[in-house]
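Student: Right, I'll just put the structure down here and ask away after.
The values are calculated or read from the model by the stated rules, or taken from the named source; none is laboratory data. For clarity, every value in this text was computed on a predicted model and none was experimentally measured. Glycine also receives a Cβ, built like all others from the backbone with ideal geometry; neighbour counts cover every protein chain displayed. Remember, those area values only see protein heavy atoms, side chains included, never the ligands or the DNA or RNA. Shrake-Rupley method; radii C 1.70, N 1.55, O 1.52, S 1.80 Å.
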Amino acid sequence: MTGPGKFLTAQWRHLAMQNYAVDPALLTPHLPDGVELDLWRGTAYVSVVGFMFLRTRVLGLPIPFHRNFPEVNLRFYVRRPGRPGEPHVDADGHKRGVVFIKELVPRFAIAWVARTVYGEAYHSLPMRHRVDLTTEPDGRVHGEVAYAWRPGTDWHSLELAIDGPPADLVPDSEAAFITEHYWGYASGSGRTLEYRVEHPPWRVWSATRSQLHGDLTGLYGEAFARALAGPPTSAFLAEGSEVAVHRGRPPR
């Protein structure tokens, strides 16, 4: 997936997603200029997502000790009008994207580059992960994935279990809405930055069990902690794929 304009290439794998329906008023203060909330059937969502970055390259080059690592992020969904001929413009003429509230990685250099290049809210903390999945001859997959971070002395975690075969995305489903946003938006240096993310549609597994454990107030603030306190609206594991992240630039 190397090519002109691509800042980063990698594989994103084992994406554990817990999704929560929230009051849109919680999200509007975090909207970058020029974008609006993207709703699924009239509902605003936030997602806590844990996944693996693998075989990471920046500008086509592998960075020693920074190729394979976990990330956990809190994100919500937005859109803005697209132009004719732009990629990933939906039937309504919009580009659908994500905005990140906070992104956790275990490497300071990764967090620094993401803040500097994209204006994203990256933070570095000690992290660990566990992927314990077994594929049976009939295609059924069972087991657990877990992503954990340590802001102080205690570990906090996102955990998810699955048991069954993978499913292709159903158009206009909640899972398709959550996973098929191919643009990112951030407020960097006082202006909105837009970047494109390339990946194919992902197969998914519905979670049989999911858990978000830890001090969410300290991590995300009181308002988001309240929104994440109850059970999620949905939880699933996405298979992942190779991805390419293009350079950020002001929207045109």
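Student: Kindly identify region 12-90 as rounded, prolate or oblate by the Cα gyration tensor criterion: order the square roots of the eigenvalues as a ≥ b ≥ c, call it rounded if a/c is under 1.5, otherwise compare a/b with b/c, prolate if a/b is larger, else oblate.
Tutor: Because a/c hits 1.5 or more and a/b fails to exceed b/c, region 12-90 counts as oblate.
Student: Counting only heavy atoms of protein chains, what accessible area per residue, in Å², does region 120-230 have with a probe of 1.4 Å?
Tutor: Accessible area per residue, region 120-230: 49 Å².
Student: From the convex hull of the Cα coordinates of the chain, what is the mean projected area in square nanometres?
Tutor: For the Cα atoms of the chain, the hull's average projected area reads 13.6 nm².
Student: Here is a follow-up. What net charge do the residues around residue 38 carry, taking every other residue with its C-beta under 12 Å from that of residue 38, with Lys and Arg at +1 and Asp and Glu at -1? The partial results should precede the final answer.
Tutor: Working: positive: 41, 75, 79, 80, 95, 96; negative: 36, 90, 92, 180.
Summing Lys/Arg as +1 and Asp/Glu as -1 gives +2.
Student: For the chain, what is the mean residue ellipticity at 222 nm derived from helices alone (per DSSP H run of n ≥ 4: -39500 (n - 2.57); sum divided by total residues; nearest 500 deg cm²/dmol)?
Tutor: My calculation for the chain gives -3000 deg cm²/dmol from helical runs alone.
Student: Run the dipole for the chain about the Cα centre, Lys and Arg Cβ at +1, Asp and Glu Cβ at -1, nothing else charged, and hand back the magnitude in debye, nearest 20. Can you show the working numbers first?
Tutor: Values: 27 positive and 27 negative charges, 205 e Å.
Dipole about the Cα centre, nearest 20: 980 debye.
Student: Which loop chymotrypsin sites (Phe, Trp or Tyr not before Pro) in region 138-173, with loop taken from DSSP, have no more than 16 other Cβ atoms within 10 angstrom of their Cβ?
Tutor: Passing both the DSSP loop test and the Cβ count: 155.
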